[in-house]
Every structure is written in C-alpha cells, then in structure tokens.
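Notes to accompany the following structure.
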C-alpha cells in the first residue's frame, strides 16, 4: 500500500470509528428530544433495528429513506432523486434501506476523499493535501457524510467533475455534472465552472456542447415532476413547506439573523444553531473573498455559488451542512503555513463535532 492510500485509509477508518463512538456514547448517556424517534428519527421500526445507524438518518434522512422505499409523498419533491435511487439499489443487496443508506454514504465519502486528494495534489505539495483532507474529514458537521443524506454522493460527484475538467475529459465531466444535477439543485451551477475551464483552455468543437449535459439531470427530474405532479418546478414550489422562500436578498437574511441574536435566548439550542449558521456562512464567505487570488477561479465560482445561493431562500438553515461542499475553503485551510494554527483549528473542529453529533443523534436539529 502506497503512502497516499495508507494515509487515506487511516483518516477514513479513524473518522468512522470516531463517529460511531460518539453516537454510541450519546445514545447511552443523553436523553433524546421529546419528538424523537417517532417524528424526526428514522421511524420506530428502523429505530428498533439499529439505534446507532438510525441516529445518522434524522430529519431529511427520514425523507430520503422514505423516497427510496415507497417513492415521493406529499411535498418531498424538494429532495432530488439520485441518492434515493442508489439507496434503493443498495437495499437489494443489504435487505435494509437503513443499512443501504449508511453504506452508500460511507462508500461515496471514501471515493470522495480519494478524488479530493488527487485533485488538490495537482496544485499543492503533499503536506497541504493531507491537511486539507483532515480539515474536510473533521469539519464539525462532517458526520453528515455518514448519514442518509446526499452530502457524500454529491461531494464525490463535484470533486470528480473538477478532476475531469483538470484532465480535459470534457464529455465525462459533463456526464458527472448531469449526475450532480440529479442529486442536488446546486449541481446545475457546475456549468459555469465548466465553461470557465473550457474557455481558459482555448478549446473549440464539441466541448461547448458537452457543457449542456450538466442540465440533463435537472431536466429529467423536471419531466418526472411534470408527469407525476403536473408541476415541473415542484422542487422549488415545495420549498416553503421546509421553511424556505423563493428569493430573498442577502441584506434581508443578515438582518433576520441579527434580530435573532438580539433576543439573547442563550438557553435555547436553536439560538446557538443560528449562531453556528451565521459564523460558518460569514467565515466561509470571508475566506473565499480574502483568498480570491490564491485559488483556481473555477473552484471559486462554485464555492461562492454554494454559499450564496442557499442564503437566497431567506435563511441560513443547514448552511453548516452545505458548507461541506465548499471544497476550496478546505484547500485554503490546508495551505495555512503556521502548523500550530492548523492543529488548534482541528482541535476546535473535533470538539464541536462531538457536541453537534451528540445533539443530532438524539433528535435535535443541527443543520
């Protein structure tokens, strides 16, 4: 086993053991929320099946597993289809949608780490690459990569997309972009990074056409929604059910959060989650802006879009989870020259992850 693979195996296995240990301890030491697991957990049947795995399938995970098992119900069109489809396929092998969801996420996170390593290595020395991998794996909300969520699959697709762009494999990049667009709405915005990279390479011919493949995944989902609900934009129109709005300007969002902080409700977990959302949002945005000349432009385009577009729904809710896909920030963290600063930052990340995962596993909303 070469040094690269050995390092990634250690990080991945250490991360899995760390997460399972935290969840196991929290499920035995702390009380769960009053509405869990009946409403926000993965269901009483799955809860009895495996409490540890069920702890990774809270909130949105309930809907993804439900879609995988019985299809779309109610206003679940906001949840894109590729991840549930993959989970459904995995369930044919495992005999369990819960186990399939957990394994699918772990497998794609492993693949994602490998692609991330190769992508960053194209521009940076090995030391920077290793630190970037550690910051990604230990970010306070990285436990979502193990949950019944789209994070690990989408991360893998996004990183693969950029790696293929760097290798000038334009058609394959378009196909991967197609899959990303069928996984998350934000995936369609990869087209801007594609066009920038293609333009900078000074290419002509079919490459421009391949960029439109990125829209095919979303278009296919819209056709499905049109045939099943009569509304091809149901994934947008259903956002209000999930406490999101259509289009809110950035200053309005900031003002809303300042009003929340003015309440000084220090004893309420929701207050501190709002603080976390606000800090993560501003920190990631500031890191990108302050380092705008230090990172590849196509990466920055996707990074800014990944942070700003979710805020246009009128809330920063779940931004701590969405930030996991802003991979340029983790590259920049890995580029910090002061080793003591990097170690201190990792320690803070680990402590925060223990706290956040403990709450999340007991049925409290975190992101």
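The values are calculated or read from the model by the stated rules, or taken from the named source; none is laboratory data. This is a predicted model, so every value here is computed, not measured. Neighbour counts run over all protein chains shown; Cβ positions are idealised from the backbone, glycine included.
Quick rundown of the values:
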read-out: Pair list, Cβ < 6 Å and 6+ apart or interchain, from the stretch 271-298 residues that are farther than 15 Å from residue 323 by Cβ to residues that are assigned to a loop (DSSP other than H, G, I, E, B) and modelled with pLDDT under 95; value: 271/265
read-out: Any hit, the stretch 193-201, residues being touching a residue at least 24 places away in the same chain (Cβ under 8 Å), under 17 Å from residue 84 (Cα atoms), in contact with a helix residue (DSSP H, G or I) (Cβ under 7 Å, 6 or more places away or on another chain) and surrounded by 14 or more Cβ atoms within 10 Å (Cβ to Cβ); value: no
read-out: Hits in the stretch 225-242 (condition: more than 18 Å from residue 186 (Cα to Cα) and surrounded by fewer than 16 Cβ atoms within 10 Å (Cβ to Cβ)); value: 226, 227, 228, 230, 231, 241
read-out: Residue count for the stretch 167-191, restricted to those that are surrounded by 16 or more Cβ atoms within 10 Å (Cβ to Cβ), touching a residue at least 24 places away in the same chain (Cβ under 8 Å) and outside any loop (DSSP other than H, G, I, E, B); value: 16
read-out: Residue 164 vs. criteria assigned to a helix (DSSP H, G or I), within 19 Å of residue 297 (Cα to Cα), without any contact (Cβ under 8 Å) to a residue 24 or more places away in the chain and out of contact with any strand residue (DSSP E or B) (no Cβ under 8 Å at 6 or more places or on another chain); value: yes
read-out: Breaking point among (1) at pLDDT below 80; (2) farther than 17 Å from residue 319 by Cα, for residue 247; value: (2)
read-out: Search result, residues across the stretch 91-111 that are more than 15 Å from residue 147 (Cα to Cα) and in contact with a helix residue (DSSP H, G or I) (Cβ under 6 Å, 6 or more places away or on another chain); value: 91, 94, 111
read-out: Residue in the stretch 118-126 that is under 14 Å from the mean Cα position of the chain (by Cα) and in a helix (DSSP H, G or I) present; value: no
read-out: Residue 344 being modelled with pLDDT of 95 or more and surrounded by fewer than 20 Cβ atoms within 10 Å (Cβ to Cβ); value: yes
